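Colleague: The following block contains the structure, expressed as structure tokens.
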Amino acid sequence: MNNHKRGTPYCTTLLTLSPTSRPALLHLAQTQSKSEDHDAALRTLQTAKEHHPHLQHDSKWQKLVQETQAAIKRAKQKDYYKVLDIPRSSSTKEIKRAYLKLSKTWHPDKAPSEAEKGAYERKMGAINEAYEVLSDEEVRRAYDEQGIDPNNPESQQGPGGFGNPFQQGMPVFRQGPGGGNPFGGGGNPFGGGGSPFGAGGGGFQFKFN
């Protein structure tokens, strides 16, 4: 990060003098991505490839493209970290701690009235769903690195442009028992097989093609 920051004035000047400079364009794409302007970052990476065709074989460029495409996909999907109110850097223990805390608050039995019970059930369903994704290391990695949401079949399709870097080894998700529950059983910390609150119960199992 510090190297990137120190290089910014140089790359900005270089980009002014040479708008098609490969290092300057890659630096600009990284800057745009850090500012969460991912669409602009993707356009910059495309521009870099148009002027430097060999970049399509460069591992650094490929990684930037993949990370940027994943970020664009995530922006259009559910933010499971936001649901659990935790940063993306959270450890497994921190994810579990946040889940347990929210479960105690939003369990439907805690609803102050029957009229509000439905809202508590929906909230608890979202909490269960987020925990099941983030508590499974492989599912979380696919969600973080490739923008794949097992609860959204459309997210498992490869992104457009540049070709599809996800065609090989795409995780195939299918419902199965027992995923992501710190208490054992079928994804429901309060007993029973699966979540009684709607979305988020049941767990995931997946294999690679």
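Throughout, read-outs are computed from the coordinates displayed, never taken from laboratory work. It should be emphasised that the depicted structure is a prediction, and the values quoted were computed from it without experimental measurement.
Colleague: On alpha carbon coordinates alone, what is the Rg over Rh value for segment 1-75, Rh being the Kirkwood radius?
Modeller: Rg divided by Rh gives 0.95.
Colleague: Right, something else. Taking a ≥ b ≥ c as the square roots of the Cα gyration tensor eigenvalues, with a/c under 1.5 meaning rounded and otherwise prolate when a/b beats b/c, else oblate, which class fits segment 26-66?
Modeller: Judged from the Cα gyration tensor, segment 26-66 comes out prolate (a/c at least 1.5, a/b above b/c).
Colleague: Run down the lysines and flag those whose C-alpha is under 26 Å from the C-alpha of K123, throwing out any fewer than 8 positions away in its chain.
Modeller: Answer for K123, where 26 Å is the Cα cut-off: K73, K76, K78, K82, K93, K96, K101, K104, K110, listed by chain and number.
Colleague: Related question: Ordered by residue, what ³J(HN,Hα) values in Hz, to whole numbers, does segment 133-146 give under the Karplus form 6.51 cos²θ - 1.76 cosθ + 1.60, where θ = phi - 60° and Gly and Pro are x?
Modeller: 6, 7, 7, 9, 4, 6, 5, 5, 4, 5, 5, 6, 8, 10
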